[in-house]
Amino acid sequence: MSQPQPDTGMPDGGPGRENPRSEGIPLGRIGGVPVILAWSWFAIAAFIVLVFAPQVQSRIPALGGAAYLVAFSYAVLLLLSVLVHELAHAFSARAFGWPTARIVLNLWGGHTQFENFQASAGRSLVVALAGPAANFLLAGVGWAIRPLFAGNPVGWLLTDSFVVVNLAVAIFNVLPGLPLDGGRLVESAVWKATGSQDKGTVAAGWAGRIIVILLVLGFVVLPALLGRRPDLTFVLMIVLVGGFLWAGAGASITHAKMRLRLPEVTAGRLQVSAIALPATATVAQVAAAQQDSPGTEVILTAATGQPEAVVDLQALQSVPAAVAATTPAAAVARALAPGAYVPEWAGGQELVQYLARVSGTEYAVIDRQSRVTGLLLQDTVVRAVTGKTSRRG
């Protein structure tokens, strides 16, 4: 099960604006929270039926083919356990005023998505651990009602499985590494020590990777070294779960590092130097300006001063000198999208989200007097956010 994540518009926010039916089957609302059963859940349900039906048949031979129905009931009980786990996240978050977008139940259990919210280390930890706490409570309830099924082998088996699965979900999720809920323990500790949630997330992500390594060493490599014959189904489960955890930990690390770089991402730092000329300028006037400032981009502006287009310098050079004075610069320019200009001081998540809303890949940069000072490329911003070498003017 994954820990709750905010839907912020950044990479780890989740597909908060997708059509729910494209993800799966809407199950309605519980306490006002939309719940969706992802199509991928049916894959894990089929896996559970195929793996556990033979075990049910061996324990209760009289069932025959009905053992598959019992195994499917086990899958449904697991689904309900995960749902309660995620509802615990959602309701505890609501107590702190975090708006819950929805709960999605999927192949790997489920996850709770939130809209934008302000978190603290303590509150984040409480919300994360509410899920495992709910599973411990369910395990206790299951254990308390087990005696009621003493004469019913199917009821006893399902109740016993319900207790075991909730204990397993709870214990597994409190392991101290992302993307497990227990990863918030590491994240909160580092967050408190450094004052940075993102540094805590990076540390918790690496803790999650260490957990994967320990799981593989302890349950796959070590038994093989000791000469024990591995159970292929169990090994497959470890590999699948380990792969899921490794990918989740890696995503947490990547996204946190991106957020750590965001404060350094500003339009002024990433812009390419540019000068402005009126949209009525000719190719000859642009060429003259280029001679005074070699390599500088040229942005054409309307009479109001609003940036309108970027001169294509290669196309500019292809215009014959004989007609340069009569050819408008707009003829060799690329139009800017409406509103494609940003102030020099714009930066961080605000800049990224703004650029995501504006069509096009080029943006004029202006100073406090609304004068054009540079040209910002979308690719430059992306490379700066992802940590790759970016082009700077």
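The values are calculated or read from the model by the stated rules, or taken from the named source; none is laboratory data. The structure displayed is predicted, hence computed values, not measured ones. Every residue, glycine among them, receives a Cβ derived from its backbone with ideal geometry; neighbour counts consider all protein chains shown. The accessibility values were calculated without ligands, DNA or RNA, using every heavy atom of the protein model including side chains. Shrake-Rupley method; radii C 1.70, N 1.55, O 1.52, S 1.80 Å.
So if I take the centroid of the Cα atoms in the stretch 328-374 and the same for the stretch 166-225, what is the distance between those two points in Å?
Cα centroid to Cα centroid, the span is 42 Å.
With each label point set 7 Å from Cα along the Cα-Cβ vector, what nm distance links V323 and F136?
For V323 paired with F136, the spin-label model returns 8.0 nm.
Calculate, for the stretch 181-246, the solvent-accessible area per residue in square angstrom, rolling a 1.4 angstrom probe over the heavy atoms of the protein chains.
Ligands and nucleic acids excluded, the result is 58 Å² per residue.
Taking 35 Å as R0, compute the FRET efficiency from the Cβ-Cβ separation of R383 and D312 and round it to 0.05.
Efficiency computed from Cβ-Cβ geometry: 0.95.
Specify the residue with the greatest mean-square fluctuation among L236, L175, L277, computed from a Gaussian network of the chain linking alpha-carbon atoms under 10 Å apart.
Of the options given, L236 has the highest mean-square fluctuation.
Roughly what % antiparallel, to the nearest 5, for the DSSP beta bridges in the stretch 262-339?
Antiparallel bridges make up about 60 percent of those DSSP assigns within the stretch 262-339.
Average the reciprocal distances over every distinct pair of alpha-carbons in the stretch 267-346, invert the result, and give the Kirkwood radius in Å.
13.0
Where the accessible area of the stretch 122-244 is counted over protein heavy atoms with a 1.4 Å probe, how much of it, in %, is carbon and sulfur?
For the stretch 122-244, the apolar C and S fraction of the accessible surface comes to 75 percent.
Compute the length gained on full extension between R94 and R368: take 0.36 nm times their separation in residues and subtract their Cα-Cα distance, giving the result in nm to one decimal.
Length gained, R94 through R368: 94.5 nm.
What is the extension gain from L107 to R334, computed as 0.36 nm multiplied by their sequence separation minus the C-alpha to C-alpha distance, in nm to one decimal?
77.1 nm
What helices does the chain have that are whole DSSP H segments, at least 27 Å long along their own axis by Cα, and with mean Kyte-Doolittle hydropathy of 1.0 or more?
67-95, 121-145, 153-173, 197-216, 232-261
Could you compute the net charge surrounding L260? Neighbours are other residues with a C-beta less than 10 Å from the C-beta of L260; K and R count +1, D and E count -1.
Computed value for this residue: +2.
Starting from the Cα of K388, draw a straight line to each of the aspartates and glutamates and keep only those under 18 Å, dropping any in the same chain fewer than 8 residues away.
Partners found: E264, D379.
Restricting things to alpha carbons, tell me how big the chain is in terms of Rg and Dmax, in Å.
Cα radius of gyration and Dmax of the chain are 28.8, 102 Å respectively.
Where the convex hull is taken over the Cα atoms of the stretch 121-221, what is its projected area averaged over directions, in nm²?
Convex hull of Cα atoms, orientation-averaged projection: 7.6 nm².
May I ask you to derive the FRET efficiency for S40 and L69 from their Cβ-Cβ distance with R0 = 22 Å, giving the value to the nearest 0.05?
That pair, S40 with L69, gives E of 0.50.
Between A193 and S22, what's the calculated FRET efficiency when r is the beta-carbon distance and R0 is 35 Å? Round to 0.05.
0.25
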